[in-house]
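I have placed the structure first, in the form of structure tokens, so that the comments after it can refer back to it.
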């Protein structure tokens, strides 16, 4: 099953963040994402203007709300930056990669 076909699982804490060995195969399934300090998935979209950046932000917001997993989004004129990690464990979980894959599918 691909990442985008899975559903995010709420994290209640008490689990360890994914290690580099665990997240690298998941990262390989994504398009244009990078991992910052082994703790955060990040992707930046360059867009035509503010309206286009806002439209993509709203699409991502709808998916995030449905999945119950919410990224940090920075919207600027012609740009959208996404930071995604599991706050309760201060690192990466499979749900971060699932949400990233779902975002890839709409962008």
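The values are calculated or read from the model by the stated rules, or taken from the named source; none is laboratory data. All of these numbers come straight from a predicted model, not from anything done at the bench. For neighbour counting, all protein chains shown are included, and Cβ atoms are generated from backbone atoms with ideal geometry for every residue, glycine included.
Summary table
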{"read-out": "Subset tally (residues that are in a loop (DSSP other than H, G, I, E, B) and buried (at least 17 other Cβ atoms within 10 Å of the Cβ)) for the range 1-10", "value": "1"}
{"read-out": "Only listed residue being within 19 Å of residue 107 (Cβ to Cβ), without any contact (Cβ under 8 Å) to a residue 12 or more places away in the chain and part of a strand (DSSP E or B), chosen from 74, 80", "value": "74"}
{"read-out": "Test: residue in the range 92-103 that is part of a loop (DSSP other than H, G, I, E, B) and surrounded by fewer than 14 Cβ atoms within 10 Å (Cβ to Cβ)", "value": "no"}
{"read-out": "Residue within the range 52-71 that is assigned to a strand (DSSP E or B), in contact (Cβ under 8 Å) with a residue 40 or more places away in the chain and surrounded by 14 or more Cβ atoms within 10 Å (Cβ to Cβ) present", "value": "no"}
{"read-out": "Residues located in the range 51-98, provided they are under 18 Å from residue 2 (Cβ atoms) and touching a strand residue (DSSP E or B) at 6+ places or on another chain (Cβ under 6 Å)", "value": "84, 93, 96"}
{"read-out": "Selected residue (criterion: modelled with the lowest pLDDT) from residues of the range 5-37 that are over 14 Å from the mean Cα position of the chain (by Cα) and on the phi > 0 side of the Ramachandran plot", "value": "13"}
{"read-out": "The range 12-26: number of residues that are surrounded by 11 or more Cβ atoms within 10 Å (Cβ to Cβ) and outside any loop (DSSP other than H, G, I, E, B)", "value": "4"}
